[in-house]
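Participant: One structure, pasted below without further comment.
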Ligand code: AMP
Ligand code: GLY
């Protein structure tokens with residue numbers, strides 16, 4: 001099977017790594033890729049937002065499957081011309097990707113499907129925003145309606161800051177604050193059948209102890225030893241299946257990866273947000289534990305035959321990933337610095353590996369930083385404590401001027417389990 005992956009972050013590196021280990025995959029391509037992906041796939045300098053260019057590449061390669069990784073191409077509708085050309089594609093249509101592209105659309109789908117989420121108002125004027133903020137009280141949750149690369153959500157006790165964020169967005173969703181731990185649960189779906197993966201937890205804040213600004217994610221781990229028994233089944237029944245059924249009923253079936261960001265509140269499980277693609281960095285740890293070869297699962301989703309698949313097999317152990325970010329991330333990341341120690345960071349026995357996010361290779365073969373989140377050091381172990389120790393041993397080998405990482409990824413979960 002010839003597979004083409006669209007994207008160039010750590011998530012796509014994790015997808016390419018798993019696909020490269022799948023005996024069913026004879027050729028692996030990625031566009032645009034990055035310096036690390038180039039080691040496991042042939043990379044192509046194609047604009048990932050250009051549906052016609054991506055389709056032309058897939059046709060030229062005679063790809064049997066195209067996997068669209070990031071939200072930007074999905075929301076831009078890159079999956080649509082691929083499907084129209086008869087190419088199996090893993091990733092939702094532009095219409096179904098609105099589940100991530102518009103918070104208001106997601107709220108409307110959840111209301112239609114009876115899915116539990118925070119109560120909310122959609123506001124378009126400062127007066128409406130002020131009224132909504134006062135209706136819920138502090139802490140205030142203010143969300144830009146559209147895609148904002150992790151910068152669209154402000155959670156604050158400061159009413160002035162909440163109003164200022166609302167004023168900076170054209171359409172804004174203001175909602176009730178949800179307390180309780182967060183869980184990311186991914187499901188692979190063909191629009192009818194829903195196959196949940198293992199839950200993971202992401203660390204969104206930049207600094208240790210969940211301090212500092214929101215980021216795209218600074219680390220993740222799986223499994224969640226503290227999660228209530230039956231969580232996955234409950235979320236499948238109350239969130240994932242009803243959402244997939246509702247989108248099919250509306251005539252815009254969702255096929256691809258449905259990501260439920262959940263809060264386990266004192267009043268029950270609530271959806272914080274949906275994404276229309278694998279989450280980063282959770283994908284790194286979820287795929288690290290998946291034993292079933294990946295390509296066949298993604299192809300079955302693309303072809304609408306998930307119901308025929310054997311149950312997924314999982315590693316009983318744990319996985320932890322730690323993100324190394326550039327100096328100045330998230331506000332103003334610095335780039336162009338040389339990265340060293342990449343080989344040393346990886347374990348010969350395959351228990352530690354480095355996934356590239358924002359990297360590029362220069363003319364002399366050196367790897368340079370080229371983005372806010374630069375690398376994601378991933379490790380497996382018998383339990384979280386061992387996986388965590390291995391991941392941080394890898395992190396310690398990497399040299400990148402001014403870089404930053406959290407030191408408490410999976411710490412509490414490892415101590416509690
Ligand atoms: P999102 O981009 O929707 O994932 O939001 C980013 C982060 O903001 C989430 O991971 C939560 O930590 C936080 N957040 C979003 N919505 C809420 C809410 N209703 N209550 C509390 N925290 C929230
Ligand atoms: N880990 C958060 C995200 O992918 O949106």
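The values are calculated or read from the model by the stated rules, or taken from the named source; none is laboratory data. This is a predicted model, so every value here is computed, not measured. Note that we place each Cβ from the backbone using ideal geometry, even for glycine, and neighbour counts take in every protein chain shown.
Participant: Restricting attention to the range 242-267, which residues are away from ligand 2 (no atom under 16 Å from the Cβ), at pLDDT 95 or above and either at positive phi or out of contact with any strand residue (DSSP E or B) (no Cβ under 8 Å at 6 or more places or on another chain) (or both)?
Facilitator: 242, 245, 246, 247, 248, 249, 250, 251, 252, 253, 265
Participant: May I pose another question? Select the strands (runs of 3 or more DSSP E) contained entirely in the range 175-222, then report the ones holding at least 3 residues which are more than 15 Å from ligand 2 (Cβ to nearest atom).
Facilitator: 194-196
Participant: Filter the range 157-177 down to the residues that are more than 16 Å from ligand 1 (Cβ to nearest atom) and under 26 Å from the mean Cα position of the chain (by Cα) and list them by number.
Facilitator: Hit for the range 157-177 is 170, nothing else.
Participant: Among 391, 387, which is over 21 Å from residue 12 (Cβ atoms), touching a residue at least 12 places away in the same chain (Cβ under 8 Å) and either surrounded by 18 or more Cβ atoms within 10 Å (Cβ to Cβ) or within 24 Å of the chain's Cα centre (by Cα) (or both)?
Facilitator: Going through 391, 387 in turn, the sole match is 387.
Participant: Out of the residues in the range 140-154 meeting the condition of being over 14 Å from residue 120 (Cα atoms) and within 7 Å of ligand 1 (Cβ to nearest atom), tell me which one is modelled with the lowest pLDDT.
Facilitator: 150
Participant: Go through the range 42-87 and report how many residues are in contact (Cβ under 8 Å) with a residue 60 or more places away in the chain and not in a strand (DSSP E or B).
Facilitator: Count: 12.
Participant: Inspect the range 196-209 for any residue being in contact with a helix residue (DSSP H, G or I) (Cβ under 9 Å, 6 or more places away or on another chain), within 18 Å of residue 114 (Cα to Cα) and within 16 Å of ligand 1 (Cβ to nearest atom) and give the result as yes or no.
Facilitator: Among the residues of the range 196-209, not one is in contact with a helix residue (DSSP H, G or I) (Cβ under 9 Å, 6 or more places away or on another chain), within 18 Å of residue 114 (Cα to Cα) and within 16 Å of ligand 1 (Cβ to nearest atom), which makes the answer no.
Participant: Going through 75, 89 one at a time, which residue ends up being under 18 Å from residue 260 (Cα atoms) and modelled with pLDDT of 95 or more?
Facilitator: Answer to the check: 75.
Participant: Here is a follow-up. More than 16 Å from ligand 2 (Cβ to nearest atom) and either surrounded by fewer than 16 Cβ atoms within 10 Å (Cβ to Cβ) or under 27 Å from the mean Cα position of the chain (by Cα) (or both): does that describe residue 146?
Facilitator: Taking the combined requirement at face value, the residue does not satisfy it.
Participant: Follow-up question, since we're still on this one. Being within 21 Å of the chain's Cα centre (by Cα), closer than 21 Å to residue 290 by Cα and within 16 Å of ligand 1 (Cβ to nearest atom), is that true of even one residue in the range 68-75?
Facilitator: There is at least one residue in the range 68-75 that is within 21 Å of the chain's Cα centre (by Cα), closer than 21 Å to residue 290 by Cα and within 16 Å of ligand 1 (Cβ to nearest atom).
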